[in-house]
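Take a look at the structure below.
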Amino acid sequence: VFFFFFKRLLVCIFLMLTSCYTVERDCIPFHQGTFEFSQIINGSMKTSTFTRDSLYEIERFEGKIDTASIRWVNDCECILTKINPTSNQDKRPIQIKIISTQDNSYTFEYSLVGDSKNTQRGTIQKIQ
């Protein structure tokens, strides 16, 4: 009898401790708006700005504009497909998964569709 209650007590303690570390994922506010993404490219920090609505994502990077269609698979995952790809690499859609959200930013993982072993991470800031 003691072992039965001890086992239940351990399970309750484990559930209480792990529930304190849940990651917030409120992805809907990030479906539309204006965002910034910064990353280091060839040793220097580069920032792109993009605007997202229910159908498209329009990115501005170093004077160039690129448009992609966006399809939300669920509240926190989407697929981006470039509208006017200029190379075979550009023709491949990108899968994006939001893994955590904060007030005005989210952390995400992205990779080419079907290439999950080359997944990268980043953080996006919502500016509008």
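Nothing in this text is a laboratory measurement; each read-out follows from the coordinates by a stated rule. Fair warning: this is a prediction, and the values are worked out from it, not measured in the lab. Every residue, glycine as well, gets a Cβ built from its backbone with ideal geometry; the counts of neighbours run over all protein chains shown.
Assorted remarks:
- Reachable lysines from residue 126, criterion Cα separation under 25 angstrom, eight or more residues apart if same chain: 46, 64, 82, 97
- Think of the range 58-128 as having a plus end and a minus end, set by charges on the Cβ of Lys, Arg, Asp and Glu; of 73, 113, 102, 113 sits farthest toward the positive end of this dipole.
- Stretching residue 47 away from residue 92 to a fully extended chain increases their span by 14.0 nm, per 0.36 nm per residue minus the current alpha-carbon distance.
- Highest to lowest packing among 85-94, 48-57, scored as the average C-beta count within 10 Å: 48-57, 85-94
- Packing here is the average count of other Cβ atoms within 10 Å per residue, and on that basis the peptides 24-30, 95-101, highest first, run 95-101, 24-30.
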